[in-house]
Amino acid sequence: MPEIKVTPLGAGQDVGRSCILVSIAGKNVMLDCGMHMGYNDDRRFPDFSYITQNGRLTDFLDCVIISHFHLDHCGALPYFSEMVGYDGPIYMTHPTKAICPILLEDYRKITVDKKGEINFFTSQMIKDCMKKVVAVHLHQTVQVDEELEIKAYYAGHVLGAAMFQIKVGCESVVYTGDYNMTPDRHLGAAWIDRCRPDLLITESTYATTIRDSKRCRERDFLKKVHETVERGGKVLIPVFALGRAQELCILLETFWERMNLKAPIYFSTGLTEKANHYYKLFITWTNQKIRKTFVQRNMFEFKHIKAFDRAFADNPGPMVVFATPGMLHAGQSLQIFKKWAGNEKNMVIMPGYCVQGTVGHKILSGQRKLEMEGRQILEVKMQVEYMSFSAHADAKGIMQLIRQAEPRSVLLVHGEAKKMEFLKQKIEQEFHVSCYMPANGETTTIFTNPSIPVDISLGLLKRETALVTTSPFSSLALGLGLLPDVKKPQLMHGTLMMKDNVSTKLPPACLVPSGSGVQRARGEPPFRGMLVPPRITASSSLARVLKDYSVQHLPDGSITVESILIQATAHSEDQGTKVLLVSWTYQDEELGSYLTALLKKGLPPSSS
Amino acid sequence: MAAHLKKRVYEEFTKVVQQQHEDLSAKKLRLTKPSKSAALHVDLCKATSPADALQYLLQFARKPVEVESVEGVVRILLEHYYKENDASVRLKIASLLGLLSKTAGFSPDCIMDDAINTLQNEKSHQVLAQLLDTLLVIGTKLTDNPSVRMRLVDVACKHLTDSSHGVRNKCLQLIGCLGPVEKGVAKDVENQAAKDVQKIIGDHFNDQDPRVRTAAIKAMLQLHERGLKLQQAIYSQACKLLADDYEQVRSAAVQLIWVLSQLYPESIVPIPSSNEEIRLVDDAFGKICHMVSDGSWVVRVQAAKLLGSMQQVSSHFLEQTLDKKLMSDLRRKRTAHERAKELYSSGEFSSGRKWGDDAPKEEVDTGAVNLIESGACGAFVHGLEDEMYEVRIAAVEALCMLAQSSPSFAEKCLDFLVDMFNDEIEEVRLQSIHTMRKISHNITLREDQLDTVLAVLEDSSRDIREALHELLCCTNVSTKEGIHLALVELLKNLTKYPTDRESIWKCLKFLGSRHPTLVLPLVPELLSTHPFFDTPEPDMDDPAYIAVLVLIFNAAKSCPTMPALFSDHTFRHYAYLRDSLSHLVPPLRLPGRKLVSSPASPSITPHEDPSQQFLHQSLERVYNLQHLDSQGIQELLDFTIRDLQRLGELQSELAGMADFTATYLQCQLLLIKALQEKLWNVAAPLYLKQNALASAAAKQILEETYKMEFMYSGVESRQVVIIHHMRLQAKALQLIVTARTTRGVEPLFGMCEKFLQEVDSFQRCFISELPHMQGSFVDKLLDLMPRLVTSKPSEVVKILQTTLRQSTFLHLPLPEQLHRATANIIEPTGESDNPLRFTSGLVVALDVDATLEHVQDPQGTVKVQVLYPDGQAQIIHPKPADFRNPGPGRHRLITQVYLSHTAWTEPCQIEVRLLLAYNSNRSKASAKMPKSTWSENLEALPQSENGIEGTIPFSKPVKVYIMPKPARR
C-alpha cells in the first residue's frame, strides 16, 4: 500500500526550528529549515545527519520548501545548503526571497559580530544559498521534476507567507507553515481551495485558544496612543523590525490621517527601511484595502511616519516612536525608554511577548524600579501597556482551514504537546479523520489509497458506451427520461498495460476475450500486469501445482510465488466473483506467463 | 525625406478613400433590393464558404428588420439551416432566429414548429443549446398559451439527457421559465404533462457538471418567483448542495434554502445525529450562518445578506450569532466587551490596563468545547471581521435589519456595531453609523460605548461626522456624565472643524430636548454660574457658547425648574437667540416674562387648523368674483395677497400654498391693472409711461409664471394649465403693447403669427382641460380663431384687447401638497470682514455649502452664480457628486467655486447666489403630451422646440469680500 512518511526534525510538539521531512510516493521533500531561538549550541539547528548518514543531501532530497521569512522557519538555510551541503532547488515565494536574506544577515551579524561565535555561516554563504532559491507565485503550479509538483497558497501571517501543496500523482500533502485566518490591517486571511489532500500538516501554536475580535484591541491601542499624545506625552512602542511593526504603522498612519492628527511618528531606521521598501513592492500580497487604494497612494509610503534620529528623543512635545528591539533588552528602544521613563505623561506599549529577564518582561510584571548597569536605579513613572497582536490562527481558525481543505488526515506541528492533544481530539471528533502529532525524530506513516488515472483509447470507450446504451435496459432508462448514471461503475473489457509504474493506453485490439478488472500497481518499477477472469475462488491448490517454488501466504490474503504476487479482491459489484491480479517482475517473466496460463485454464479444484 | 513621407501618406489616404467608395456602392445595391428576405437569400446563396456565409449573417444581424418581413426572413434562414453543413453557421442562424422572434409586434408561434423540428436532427451540442435558447425566447413571448408552454417543456425534458452541459443547462432554464406553475391547469391540459416539474429539476441537483447543478437550482428559484410553491422535500437536497465544491452552486443553494425557510418557517426538521427536532427556519438560519465562513467571498456576501431577512428565527438562535466563546490555554476567557461592561457596572470607569488583565479565569471542560458549531454561533462575529469589505457591509446591513425587529438583539449587537466605527474602510464605517441610527430607538448607549462613538467625531471625513451627529440626535444616553461627555466632544469637534457648526447645533438641540433631566444638574457647570460671585458674561457670538445654550434651552423646554438657574445675561441671550436662531431655540415659559409666542395647543388636527381655514376662506372670497374691474375688488385682491404672504411667513407648512396662490393673484392683479386704464384709448406716443407700465407688467407676469411652474414641487397638470393660460394672457398683453408702440405693420405680421401658433399649441397640449375653462381668455379666443387667422394684425390686436378685458377670472385649484423650492447658503456666511486675498490671474477656491429643499433633480437644475462688482456674472455648474441627499425632499450642495479676476485696488464684495435653471421644453406640459402628437408636430411647429431657457434666483445672495492682488514681479 502506498504511504506517506512524515518526520519532524524540528517543530514536532515544539515551537521553533521548523523542519519537517516528508516522503511521498518516492519523493523526499524538506519543509522549512529553521533555527531555534532558545538554544545557542548545536540544538539551535535541526539535525541534518538524520537524513543521510554519509550520503549527499542533494541525492536524497528532491526539494526544500520555505514557507515564510521568520528565522524559525528559514534560519538554518545557509548552514544547511552551504555548510552541510545541498545543491538542489529551494522554493519560496517572491517576498520571502527578497526579505529572507536581510534577516539572515541580521541574524549572522548578531551571532558572529556581537556574540563572537566562530564556525558560523558567512555573508557569502547567504548569497550562495539564495542563488539556489527558485521563487514561486501564488497558485502557480511548479513542476519540480516530472512527477513532483508544488503550489503555493496565501497564508496571511507575514508578507509572503505561503502554504504549500506538494503533489505526486494523486497523492498530496499540504503544509501550512504559519498562517492567520483573520485579516489584519495589512494582510488578508489565509485561503485554500478544497484540494482534499491526503495529509494536512498544520501549525497549532494557538491550539487551545479562541481569540476575541481584533477590533477591540486595535481600538484600545489607538485610544491609548491618542490620549497620551493629546496630553502632550510621548509614546514608545518597542517592536521587532518586521511583521507586526508594519501592521502597527499602517494602523497609526490611517488613524492619524482619519483624525487629522499632527504629532510626529518616528520609526527607527536601519533594517526596517529596507523591509518597508519590499512591503511597498509586494502590494499584491497585502489585504484588500491596500490593494485597492495603492493606485491613489501606496499605504506603505507613510505620510506621517518619518525616520527617527537619536536627537529627536529629546524634542519637546508629543511624539510616537517605534524602536527596535521588541523586548527592550538592548539597542535604541532601551535608550529611549531610559530617557522617557521618568515622566508619568509618557507611555510604553509592548505589542508582543517578552522573554523572562528582559526589561520588557520586568516592567510588564509591574516592577517600577529597575536596576540598570552601573548600579543605577531607574524609576519607571511612565505608563506601561500591553497589547498583543498575534498573527497565528486560533483553534477556530485551524478548524476552519481543515474544513476548507477537507484533508484525509491531519498532522499537527509547531505547538506544545499538551495543547496539541486537545486539538487532536477535537479534530478526530468533529471531522472523523485521523490526526497525528509526532515528536521530533519520530516518523509517522500514513497509508494512502490513491486512485490511479488510466488512459483509455477513445475507440474503446465509445464502443463500450455504445454497448451499454444499446442494451435493452438502457433504452428503457432513456425512455424514462433518465441519463445513464455516470457515477455508477460500469463493466469494461480491456487490457491494461503498465510500464515503469505508468499506465499507458492500449489499442482495443488487445482486448482479452472475456474478463473484467480493477487495476493495482506494485512498488517495483519494471513489471507487467494482466487482468484475469475471476473464476477461481480457492488458491491453496497453487502450492500443489508449483511444488518447486516457494509459495507464501501473506497476511492480507495475497499469495507470492517467488516474486510473483497474486492478489484476490472481491468485485465491487458482485461479491460472489473475485478479481485476481497477477503481477511479476521481468526476471520471472517465464514463470509469470505460465502461472497466468494456469490460472486462466482454471486450477484444479482444491481439496478443501 | 519628409516630402517623401508626406507623399506616401497621401497615397495611402487616397487608397482608403477608394475602398470606401466601393463599400458604399455595394451597400447601396443591397439597399435598393425590394425586400430584406430576398436580399438575404441572394447573399446566402452567393456565399461560397461557411466563413462567407457567417460574414453575411453577421452583417445582417446589425440591421433591424421590420415586423412585416420577419417571417419571410425566418423562412429563408431555416431553409439555409437545413442545407448548411457547418456548425458555426447553423449556430449563428439559430441565434438570429431567437433575435428575430424578439421583434416587437411579431408573434413567433408560426415558427415554433420549425424550430422544434430543427432540434430533431441536430448533432452539434452548441447549436442544440442555441436552438433551445431560441425556443426559450419564443416561449417567453407566448407565455399566455399553456399548450405551447407544455410542448416546449416536453421538448426540454427530452433533451435533458444530452451529454453536453450547455444543452442540459438551457433545458433546465427553459423548464424553469415555462414549466407549469398551477397544478390544476396542468392536469386539465394533458394527463401526461402533469408530471412534476419540481421532480425533474430536482433530479438534476446531483448532475455531474456544476454548471448544470447551478442551472437546476436557478430554475427552481425561477419557478418560485413565478409563483409555484416549492415542496419542502427539496430542503434536504438543497442542504446537501451547501457542501458542493463549486461556489456558484453553493451560492445558489444558499438562496434556495432561504426561499424554503420563508415558505415553511414553522415545519419541523430533525437534527442529524441526534433525536432532536427544530423549526425549519432555525435550521436554515444555522446553515446559512455556517456559510458566512465559507471559502468563497461571493457565497459569504450572499449568506450575510440573506441573514438579515430571516426575521422569524427564534431569539435563541439569533443571539448565538454574536456569541463566540473565548478561551486561552483551555481556560475560559471573557471578551473585551464583557470586560468593558463589567468594568462599567463596577463603577470604575477608566483604569490603566495592566498586563494580564485579560488573564483567563476558570478552566474549560475540554469535552464541552465545540470548535465547529453546527449552529449559528458567531456568524456575525466572523462576518464583521471578514477580509472583504463587501462581506462586512452585508453583515452590518443584516445586523441592522435583524436588530430593527428584535430589541433584545439590538441591545446585544451594539458592542459590535460600535466596533465597526473603526473599520479601515469609510463605507463600512458610514454604513454602521447609519445602522446604529436606524436601531437607536431600541437602545441606550452605555458610557464606555458612548466614549467610543464620540471618538469618531474627530474623523476627517465630513460625511462620517455628519452621520454621527444625526446618530447623536436620536440616541438615548443613560447618565449625565454621558451628556457632558457628548457635549465636550462635540465642542472639541467644533473647534477642530468650524464648518460643522450648524449640524452640531442641531445635534445638541435634540440631545437637549431628549434628556432634560440629565441636563438639569449640569446647568450651573455649563453656564459657569457661581452662587456668590458674578462671572463674566460670555461672548454671544462664540459658536461654542451658542452650542451650550442650544442644549440648555431645549432641555429647559420640558423642565420648568431650569430657568431658575439662569443668570440675567442668559435671559438676554435667550431673547437674542430665539430671534436669530429660531429653528434651534424653542419658545420657553420664562418666569416674570410674557411668553414670546403663545404656543397653540398642539392637539388641533390639521382639518380644524385655523390657518388652513383662513387660507381657504380668503381664497373662496376671491374666487367668488367673476370680473375684477372695480376698484374695490382690486383692493380686496391687494389685501388677500398681503394676508397670504404673511400667512406663508408664519406657517411654514402652508408657505408653499400661500405663496403659490399669492403669486397667481398678483399676476392677475397686474394684468387687470395694465388693462383697465382708460388711457388705452389715447394715442400711443402720448402715453409712453402707460406703455412702460403695461410692458413691465407683462414682463413680470411672464417671470412669475415661470417661477410658478418650475419652483414649486407638487404642481399638477390642472395648475400647469392655469399657469400657461396666464402666460398666454401676458403674451397677448405684450403683443398689444408692441402693436401700439411700433410703427409699420411688417414686424407685427411675424408676431401675430407666432402668437397664434402658441395659442394653437396651447390648445393641443391641454385639450383635455379646455372644458374646465369656460368663459376664459383662451376659450373666447378659440371661438374667434377662424376670424383671427384671416384678419390683419391691427384687427387681431383689437380683438385680443377686448377678449382680454372681457375674459373671466380663472379659479386656481390647489393641489394636495405644494412646496416651494428654497435654498439657503450656509457657507460662505457673508459675515467676514477679512477679504479673501489671492493673486490676480490665479484662482481661489471658495467653499460653498447650501441646503436645498423641495428641489427636483438638483443635479440638473441648480447652478451657482457669482456676480462681480463690475457687473460680470459667472454661472458655475456643480458636479453631480457635490449633491448629497440627506432626506426626502432635502438636498445638500457642498461644492467649490473657483474665483478669479484681474487686480483690484481695494477689496470689494462679490455676490454668490444659487439659481434654478429651467427649460420650458422640459416643462410638465410637454411631458404630459401624448407621444404621437409630439412627434407629428415636430416639423409643423419648430418654435415649440426651442423652448425658453432661463434661471430663477432662489436663494438670498451672500456677499463675499475678496481682494485680488496684483502679481508681484
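The values are calculated or read from the model by the stated rules, or taken from the named source; none is laboratory data. From a predicted model like this one, the values you see are computed outputs, not experimental measurements. No Cβ is skipped: glycine too gets one built from the backbone with ideal geometry, and neighbour counts run over all protein chains shown.
When the stretch A:169-180 is limited to residues that are buried (at least 24 other Cβ atoms within 10 Å of the Cβ) and of a type in the set (A, V, I, L, M, F, W, C), the one that is nearest to the other protein chains (Cβ to nearest Cβ) turns out to be A:V174.
Any idea which residue in the stretch A:356-391 is modelled with the lowest pLDDT, counting only those that are under 24 Å from A:Y179 (Cβ atoms) and away from chain B (no Cβ under 13 Å)? Give the steps one after another, and end with the answer.
Kept after step one, since they are under 24 Å from A:Y179 (Cβ atoms), are these residues of the stretch A:356-391: A:387-391.
Still in the list and also away from chain B (no Cβ under 13 Å): A:389, A:391.
Working: A:F389: 75, A:A391: 82.
Checked the stretch A:356-391; the qualifying residue modelled with the lowest pLDDT is A:F389.
Candidates in the stretch B:276-302 are the residues that are in contact with a Gly (Cβ under 9 Å, 6 or more places away or on another chain) and either in contact (Cβ under 8 Å) with a residue 60 or more places away in the chain or within 14 Å of another protein chain (Cβ to nearest Cβ) (or both); of these, the one that is nearest to B:W258 (Cα to Cα) is B:F285.
Does B:L781 count as assigned by the TED database to the domain that holds B:R727 and either surrounded by 15 or more Cβ atoms within 10 Å (Cβ to Cβ) or small (G, A, S) (or both)? Against the criterion (assigned by the TED database to the domain that holds B:R727 and either surrounded by 15 or more Cβ atoms within 10 Å (Cβ to Cβ) or small (G, A, S) (or both)), B:L781 qualifies. For the stretch A:207-250, the set of residues classified as assigned to a helix (DSSP H, G or I) and within 9 Å of chain B (Cβ to nearest Cβ) consists of A:K214, A:R215, A:C216, A:R217, A:E218, A:R219, A:D220, A:L222, A:K223, A:K224, A:H226, A:I250, listed by residue number.
Given the criterion without any contact (Cβ under 8 Å) to a residue 40 or more places away in the chain and either among the β-branched types (V, I, T) or within 28 Å of B:V65 (Cβ to Cβ) (or both), identify the matching residue among B:I116, B:I111.
Working: B:I111 fails: without any contact (Cβ under 8 Å) to a residue 40 or more places away in the chain.
Just one listed residue meets the conditions, B:I116.
Identify all residues within the stretch B:790-802 that are exposed (fewer than 13 other Cβ atoms within 10 Å of the Cβ) and in a helix (DSSP H, G or I); write none if there are none. Walk me through how you get there before you give the answer.
Of the residues in the stretch B:790-802, the ones exposed (fewer than 13 other Cβ atoms within 10 Å of the Cβ) are B:790, B:792, B:794, B:802.
Passing the criteria: B:T790, B:S794, B:T802.
Here B:M785 meets each of (1) at negative phi; (2) in contact (Cβ under 8 Å) with a residue 40 or more places away in the chain with one exception, condition (2). Restricted to the stretch B:739-755, and to residues there that are modelled with pLDDT of 80 or more and surrounded by 15 or more Cβ atoms within 10 Å (Cβ to Cβ), the residue that is farthest from B:L804 (Cα to Cα) is B:M751.
Listed here are the residues, each with its yes/no results for (1) more than 21 Å from the chain's Cα centre (by Cα); (2) not hydrophobic (A, V, I, L, M, F, W, C).
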position: A:V380; (1), (2): yes, no
position: A:V384; (1), (2): yes, no
position: A:M387; (1), (2): yes, no
position: A:A395; (1), (2): no, no
position: A:Q404; (1), (2): no, yes
position: A:L411; (1), (2): no, no
position: A:Q429; (1), (2): yes, yes
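From the list A:T111, A:T52, A:T96, the lone residue that is touching a Gly at 6+ places or on another chain (Cβ under 8 Å) and either hydroxyl-bearing (S, T, Y) or farther than 30 Å from A:E421 by Cβ (or both) is A:T96. Among the numbered conditions (1) more than 17 Å from A:S268 (Cα to Cα); (2) away from chain B (no Cβ under 14 Å); (3) surrounded by fewer than 18 Cβ atoms within 10 Å (Cβ to Cβ); (4) touching a residue at least 12 places away in the same chain (Cβ under 8 Å), the only one that A:A341 does not meet is (3). Considering the stretch A:400-412, the residues that are closer than 17 Å to A:M181 by Cα and outside any helix (DSSP H, G or I) include one that is farthest from the other protein chains (Cβ to nearest Cβ), namely A:L412.
Given the residues A:E273, A:E253, which is the only one that is charged (D, E, K, R), within 30 Å of A:Y107 (Cβ to Cβ) and surrounded by 17 or more Cβ atoms within 10 Å (Cβ to Cβ)?
Numbers: A:E273 fails: surrounded by 17 or more Cβ atoms within 10 Å (Cβ to Cβ).
Answer to the selection: A:E253.
Could you tell me how many of the residues in the stretch B:452-466 are acidic (D, E) and either in contact with a Lys or Arg (Cβ under 7 Å, 6 or more places away or on another chain) or within 11 Å of chain A (Cβ to nearest Cβ) (or both)?
Residues of the stretch B:452-466 acidic (D, E): B:458-459, B:463, B:466.
Among the residues that remain, those that are also either in contact with a Lys or Arg (Cβ under 7 Å, 6 or more places away or on another chain) or within 11 Å of chain A (Cβ to nearest Cβ) (or both) are: B:458-459.
Selection size over the stretch B:452-466: 2.
With the structure loaded, tell me whether A:A263 is within 28 Å of A:C100 (Cα to Cα) and in a loop (DSSP other than H, G, I, E, B) or whether it fails that test. No.
Looking only at residues of the stretch B:127-176 that are farther than 19 Å from B:M220 by Cα and charged (D, E, K, R), we find that the one that is surrounded by the fewest Cβ atoms within 10 Å (Cβ to Cβ) is B:D144.
Here's the yes/no breakdown for (1) away from chain A (no Cβ under 14 Å); (2) in a helix (DSSP H, G or I); (3) at pLDDT below 85:
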{"position": "B:D423", "(1), (2), (3)": "no, no, no"}
{"position": "B:Q431", "(1), (2), (3)": "yes, yes, no"}
{"position": "B:H441", "(1), (2), (3)": "yes, yes, yes"}
{"position": "B:L450", "(1), (2), (3)": "no, yes, no"}
{"position": "B:L468", "(1), (2), (3)": "no, yes, no"}
{"position": "B:L487", "(1), (2), (3)": "yes, yes, no"}
{"position": "B:K492", "(1), (2), (3)": "no, yes, no"}
{"position": "B:W505", "(1), (2), (3)": "yes, yes, no"}
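Of the residues making up the stretch B:815-828, none is more than 23 Å from the chain's Cα centre (by Cα), basic (K, R) and part of a strand (DSSP E or B). Selection of first residues in the stretch B:554-581 that are farther than 16 Å from B:L508 by Cα and of second residues that are of a type in the set (D, E, K, R), restricted to Cβ pairs under 7 Å at least 6 apart or on distinct chains, gives the following pairs, ordered by first then second residue: B:P560/B:R589; B:H569/B:E537. For A:H157, the conditions (1) closer than 21 Å to A:H277 by Cα; (2) at the interface with another protein chain (Cβ under 9 Å from one of its Cβ atoms) are fulfilled apart from (2). Applying the criterion of being within 19 Å of B:A674 (Cα to Cα) and assigned to a loop (DSSP other than H, G, I, E, B) to the residues of the stretch B:624-652, the residue that is modelled with the lowest pLDDT is B:L628.
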